[in-house]
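This report refers to the structure that appears directly beneath it.
The values are calculated or read from the model by the stated rules, or taken from the named source; none is laboratory data. Please read all numbers here as calculations on a predicted model, not as lab measurements. Please note: Cβ atoms are built from the backbone with ideal geometry, for glycine as well, and neighbour counts cover all protein chains shown. Just so you know, the surface numbers come from the protein's heavy atoms only, side chains and all, with ligands and any DNA or RNA stripped out. Shrake-Rupley method; radii C 1.70, N 1.55, O 1.52, S 1.80 Å.
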Amino acid sequence: MRFPRPHTLSEIADLIGARYDGPAEFPITGMNEIHVVEPGDIVFVDHPKYYDKALSSKATVILINKEVACPEGKALLLSDDPFRDFNALTMHFRPFRQAAAAIAPTAKIGSGTSLGPQVVVGEHAVIGKDCVIHPNAVIGAHCVLGDRVVVQSGTIVGSDAFYYKKRPDGYDRLRSGGRVVLEDDVELGALCTIDRGVTGDTTIGKGSKLDNQVHVGHDTVIGKDCLIASQTGIAGCVVIEDQVTLWGQVGVTSAITIGKGAIVLAQTGISKSLQGGKTYFGSPVEEARERLKELAAVRQLPSLMQQLKKQ
Amino acid sequence: MRFPRPHTLSEIADLIGARYDGPAEFPITGMNEIHVVEPGDIVFVDHPKYYDKALSSKATVILINKEVACPEGKALLLSDDPFRDFNALTMHFRPFRQAAAAIAPTAKIGSGTSLGPQVVVGEHAVIGKDCVIHPNAVIGAHCVLGDRVVVQSGTIVGSDAFYYKKRPDGYDRLRSGGRVVLEDDVELGALCTIDRGVTGDTTIGKGSKLDNQVHVGHDTVIGKDCLIASQTGIAGCVVIEDQVTLWGQVGVTSAITIGKGAIVLAQTGISKSLQGGKTYFGSPVEEARERLKELAAVRQLPSLMQQLKKQ
Amino acid sequence: MRFPRPHTLSEIADLIGARYDGPAEFPITGMNEIHVVEPGDIVFVDHPKYYDKALSSKATVILINKEVACPEGKALLLSDDPFRDFNALTMHFRPFRQAAAAIAPTAKIGSGTSLGPQVVVGEHAVIGKDCVIHPNAVIGAHCVLGDRVVVQSGTIVGSDAFYYKKRPDGYDRLRSGGRVVLEDDVELGALCTIDRGVTGDTTIGKGSKLDNQVHVGHDTVIGKDCLIASQTGIAGCVVIEDQVTLWGQVGVTSAITIGKGAIVLAQTGISKSLQGGKTYFGSPVEEARERLKELAAVRQLPSLMQQLKKQ
């Protein structure tokens, strides 16, 4: 998330009541998750396992719950609860406001675009030209749609991330202040859910087509010209490269990469990153030809066991 | 379902044109399914296989299609078609009425709660304080939401049960007159469906969080602080104890129990009750470590078969 | 799709700028996909693999991209891009119009039928008597519902087909101009998606019942008195005969047939046609008893491998 204007380290520290280590005037231009941070961004980290990753990331400001040496050219925000304070920043810069109107007056809608009955378009959403948004679809606040985008009925663009921290008194939600970006010629089926980024973007690349009832998690990036069939579920922070095909009811775990041109057969459970250009099948996933060999062998297994018992 | 006031056995018998066995003034306070009945309730049974279970349940009035000895302290309603007459009672005490307004005038909505555009709230629904109901969500008649409950866009709370009796001329629906109860701090993702109880409650316990596109069947009880990931489907009459985690695309068959703290990996098919405190995987389900051993063995099976053929 | 009136071969050729082979006055009454064409219909074919199938189908007019001998009693429309020209015909005879009103003035709604708040009913849709359409459901243009049909909240009847042709510059959608036909006593759960036929009908037969979050693809035909449980996904061009039961989260690939009375257990992946009267399980599908034998054998496999290593 870009801030509307750059802020200084001391301004941000004041906002959340944190101490800081670095020049008071150190510039901060936004905030983001670790896998998509850029210089000028704040990233947060609250687990020793990820301290090094956060400190050596591209983020120039690290919101952290430990006194550490400040990396050269960076700054620290010191907090007893970085998760809480990251949420506080999200809510400060992008406060949740319940939509007051079905079509927010601050939304921008391009020429030639048609909206069906009871479509909801949230504040500051931007929809390009010649799009078709079918009845009862919801385009959430701040989401961005390119030109010729189709969103079929009832689809939700910009639901909140399913991302919780376990606290002694229950689960605490990481607030979602990011966006969904649907590039030109993206087409979504009916009753899909596309979660917004936590502070970054969930992106679906130019020309990709999703069937009905597909779920895409927060901060996931889908490339160009992908085909994703019905009832497939993709978790958060996934990277799907261009021209990938996922058939129906595939599941994809979080934070993995599926290489360019991969083809994944129906009901596969993708539990790890996959190289491009190959065909996959199974739960958990394997190369399809390996999996099919195994299945052929399994079919012979009962009679093999009978034979072995006789020996 | 509690009746608005207690009725006598003879009153209820008159309503459905049934004979009765027991004191005419025997008090009846409600009706329910067999697994959640309480004293004062009517339960129905129309299959010899379940006669004993119904007669010895906590229900004090049994709507039955056979002349049997009336258990001590109980009463019988004798009907040639208990299913039809149970439906007649549901429709009498909680008749279906199509919503006349998006927000029913009889609904109670707590302070600090915000409703998005085109939210539907049915008759006699109760929503607590500081809830957020996102656009296009539907909160059905008589459903009850605690405080700080979040329902994301397009989610349906209080759909009717998928429960049919096969008749010579087709499937006959068991009418749904029960409720959904979402306790404090429950959060539901976008495009979930939570079926109401047939006459009882479908309950999601305090602090539990559901991701997008989750389905929960009628009369299911989910405990506190559970996490249920996207596209998981839970059938009716399931008991999920506290702190259970179900990952994505898990399926749960009806009328089983998942013990406290169980963790179930993605795409698992839960076909039987599971002990708490363990991790599970596979379709059908097994303990994850057993299933992973089997998968490792299966991967070696094609080459093993080659070797055995050479011998 | 039936045309509003019969057209001549030369009229249609003019519409799409195609040459033709056959009598100028040759009558054309409609257009359809190859598996459901009838005499009087146009079918299109653009791949050598399917030329013979299209030419010998029941269609009497073949829109084709090759000079071939015209079959006796038929006619040809010659085009460099039959897919584009088939789309042009669909858009001519059934142009997409964004709904201008929630309930189209041209829709016909039978007596005793109730529509919930924010239901959308498209142009020329026909809904029979005594139906209940719950809140936020969408009944698309031209769709036809019989009597006593139930559509629960948020369900989309008449979404567009997921059917694309790969072009050098991206995926090109086959336009959907067909219908959904729900026969008498069909009941759909909440948040289902039923795609319309491309030019033909997607049909659900009398008395069939679908649970929540079920997906049915374009041009699929489901028979009478079928039961389809939650989160099952059925691709396009499938034939499901009468009295078939599909349990939860089943997936069905396109263009296959499931025989009468088949029972398919939860999470099964149906990758081929199935004979009726049997019970199936597994991904990919097998007869349930075979699959269960294999699963029992697989459970013994790790210890078998241990033993073999010791020998």
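A few remarks follow.
- Here is how far apart the residue A:14 label points are across copies: 7.7, 7.7 nm, shortest first, using a point 7 Å from Cα toward Cβ.
- Residue mean of other protein chain beta carbons inside 10 Å, A:109-116: 2
- Expressed to the nearest 5 percent, the antiparallel share of DSSP beta bridges inside the range C:2-93 is 40 percent.
- Within the accessible surface of chain A, defined with a 1.4 Å probe on protein heavy atoms only, the carbon and sulfur portion equals 52 percent.
- Helix A:288-310 and the long axis of chain A differ in direction by around 50°, with both axes built from C-alpha atoms.
- Counting Cβ atoms of other protein chains within 10 Å of each Cβ in C:277-290 and taking the mean gives 2.
- With both residues required to sit in the range A:119-259, DSSP beta bridges show an antiparallel share near 10%.
- Within 10 Å of the Cβ of each residue in A:136-146, the mean number of Cβ atoms contributed by other protein chains is 3.
- Among B:24, B:262, B:107, residue whose mean-square fluctuation peaks in a GNM of chain B (springs only between Cα atoms under 10 Å): B:24
- For the protein assembly as shown: rounded, prolate or oblate by the Cα gyration tensor [a/c cutoff 1.5]: rounded
- Highest-MSF residue in chain B out of B:153, B:114, B:79 [GNM, Cα springs under 10 Å]: B:114
- Kirkwood hydrodynamic radius over Cα pairs of the range A:64-141, then Stokes diffusion coefficient at 10 °C and 1.306 mPa s, in µm²/s: 102 µm²/s
- Computed over chain C, relative contact order equals 8 percent, with contacts defined as Cα pairs under 8 Å that lie 6+ residues apart.
- Taking a ≥ b ≥ c as the square roots of the Cα gyration tensor eigenvalues, chain A comes out oblate, since a/c reaches at least 1.5 and a/b does not exceed b/c.
- By the rule of a C-alpha distance below 29 Å, with chain neighbours fewer than 8 residues away ignored, the lysines paired with residue A:309 are A:293, B:293, B:309, B:310, C:293, C:309, C:310.
- Among B:99, B:161, B:137: highest mean-square fluctuation, GNM of chain B, C-alpha pairs under 10 Å: B:99
- Cβ-derived FRET efficiency at R0 22 Å, residue A:303 paired with residue B:300, nearest 0.05: 0.75
- Entries in B:53/B:272; A:129/C:224; A:53/A:272 that, when Cα-Cα distance is taken, lie over 32 Å: A:129/C:224
- Rounded, prolate or oblate (a/c below 1.5 giving rounded, otherwise prolate when a/b exceeds b/c) for the range C:2-93 by Cα gyration tensor: rounded
- Contact order relative to length of the range A:2-93, as percent, for alpha carbon pairs under 8 angstrom and 6 or more apart: 26 percent
- When peptides B:119-131, C:223-235 are ranked by their average number of other Cβ atoms within 10 Å per residue, the highest-first order is C:223-235, B:119-131.
- Beta bridges per DSSP with both ends in the protein assembly as shown, % antiparallel, nearest 5: 15 percent
- Annotation for the C:B interface, with buried accessible surface near 3200 Å², both sides summed [1.4 Å probe; non-protein components not counted].
- Rounded to the nearest 10 degrees, the angle from helix C:82-93 to the longest Cα principal axis of chain C is 70 degrees.
- Here the contact order of the range B:261-311, divided by its residue count and restricted to Cα pairs under 8 Å and six or more residues apart, works out to 26 percent.
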